[in-house]
Amino acid sequence: MEEAPALDEDYDLLSDESAGNIPEPSYMPSYAPSFPSAKKSLDARLVHLEKTFQQYLFMLIDRKGLSDPEVYRRANIDRKHFSKIRNNVDYTPSKRTALALAIALELSLDETKDLLERAGLALSPSLMSDMIIKYCIETSNYDIYEINCVLFKYDQPTLGV
């Protein structure tokens, strides 16, 4: 087996000068994707991070004109937990909590996916619970107690805390 050539230590993959000048190594199989031509350095990209889960959540709550108690009651989340979310900009929810909040805000499927992504989460087509929740959102069923009954019926974890 042919050994991979050593990289030049002065070659900075993250600088603007090197972006787009990355040679495709000769040992790469023809089906392998080539390196993308980057126009911005990593530092420049990190300056433009989007809203965190917590920031996006409270923007949605404000946009919908809901009060905190309305949201945490609809989400089946206790006040103490909701206060923890409100006071921590870097809060990362469990998937169940994030989905409960999406249901409470009556988010569309795309809005739900966006909210989940901000927490590093996703709806999986291979999980029964995710398919049940997706179905409920698509059919505009936002009653957390009804959704939890269906989840319970199929022996799936319920939403909220």
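Things to note:
- Under 5 Å, built H, 5+ apart or other chain: amide partners of TYR91: GLN54
- Listed residue (TYR154, LEU107, ILE137) projecting farthest to the positive dipole end of segment 107-161, Cβ model: TYR154
- Total charge dipole magnitude, segment 101-151, about the Cα centre, Cβ charges on Lys, Arg, Asp, Glu only, Debye to nearest 20: 160 debye
- Surface share of carbon and sulfur [accessible, 1.4 angstrom probe, percent] for segment 65-161: 50 percent
- Those trypsin sites (Lys or Arg not before Pro) in segment 45-88 that DSSP places in a loop and that have at most 16 other beta carbons within 10 Å: LYS51
- Spacing of the two label points (7 Å from each Cα toward its C-beta) at GLU111 and ASP78, in nm: 2.9 nm
The values are calculated or read from the model by the stated rules, or taken from the named source; none is laboratory data. Since we're looking at a predicted model, the values are computed, not measured. Quick reminder, even Gly has a Cβ in these numbers, built from the backbone with ideal geometry, and neighbours come from all protein chains shown. With ligands, DNA and RNA removed, areas are computed over all heavy atoms of the protein, side chains included. Shrake-Rupley method; radii C 1.70, N 1.55, O 1.52, S 1.80 Å.
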